[in-house]
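Colleague: Sending over a structure as structure tokens; questions will come in a sec.
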Amino acid sequence: MERLKVNSLSFPALHFARIAATLATVIALVACGNDGGGGGGAPVTPIPPSGCYSCNGITSPAVLTTFTTQSADGMMILRDMQLFVQSTQVMPNASGNNWNWYQGPIALQGTMEVRQPMMDVMPGTGMPLSQCMISPGTYYLQSNGAGQMGFMGSDLRVPSLIATSGAIELSIEAPSQLGMGLTNQGRGLYGVVSVRRVNGIQCSPQFFGTFSTSGIFY
């Protein structure tokens, strides 16, 4: 069922303040018993290794692009997802579309917006497939180890994305044989997002699904 310190160059101060305020609200809700708890044409900007919390294994991280993508029903959005890469492996290109000319390890960090309670149920019948449930709110996400991406934003794979509150783990798969990968000059993503675990509970393979930029305005 379709439902489912970075420097100022990477995250503006205003964006940090908004995320911090949102996380404070989510943490307060959890404490009260609520369990649920970019343009591709921009130059590649290296950042200090200490500035990328999720860049495990990437020794010279750079922000290659920032994308936003959402579920088919628009109830879950992965917003302002910074895509970090190994800067020494980015091939120069006269057009400036650097995201086209990279293959190698990647890491992500950004936010996940959930607009209504999300439950792991059978499409069409509503039969529960697991006890996984995600509460509405905004969650900060970061990679739990490096993923991989091929040229032209193809074959993007992030095996583990962790929410810093709500105990939520996701994965992203965007295989080229299905025509998936980065879209919109690197500002979007067409791929499959899966919620793996919530609060330590294993979710079914059907919890979320295909994400794209359909209906998103930049």
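A short reminder: the numbers here are calculations on the coordinates, not readings from a lab. The shown structure was predicted, so the numbers you read here are calculated from the model rather than taken from an experiment. Methodologically, a virtual Cβ is constructed for each residue, glycine included, from the backbone with ideal geometry; neighbour enumeration extends over all protein chains shown.
Colleague: What FRET efficiency comes out for Thr164 versus Asn56 if R0 is 22 angstrom and r is the Cβ-Cβ distance? Round to the nearest 0.05.
Modeller: On the way: r = 15 Å, r/R0 = 0.69.
It comes out at approximately 0.90.
Colleague: Still on this structure, please answer the following. So if R0 is 30 Å, what FRET efficiency would Ser204 and Ser176 give, r being the distance between their Cβ atoms, rounded to the nearest 0.05? Could you put the intermediate results ahead of the total?
Modeller: Numbers: r = 26 Å, r/R0 = 0.86.
Efficiency for this residue pair is about 0.70.
Colleague: Starting from the Cα gyration tensor of region 137-210, multiply each eigenvalue by 5, take the square root, and state the resulting semi-axes largest first in whole Å. Mind showing how you got there, number by number?
Modeller: Values: eigenvalues 104, 34, 24 Å².
Gyration-tensor ellipsoid for region 137-210: 23, 13, 11 Å.
Colleague: What distance in nm separates the two pseudo spin-label positions at Arg79 and Phe151, each 7 Å out from Cα along the beta-carbon direction?
Modeller: Taking the two extended label points, one gets 3.6 nm.
Colleague: Fewest first, what order do Phe151, Phe208 take by the number of other Cβ atoms within 10 Å?
Modeller: Least to most surrounded, the residues fall as Phe151, Phe208.
Colleague: Consider just the alpha-carbon atoms of region 62-196 and return their Rg together with their Dmax, both in angstrom.
Modeller: 15.5, 53
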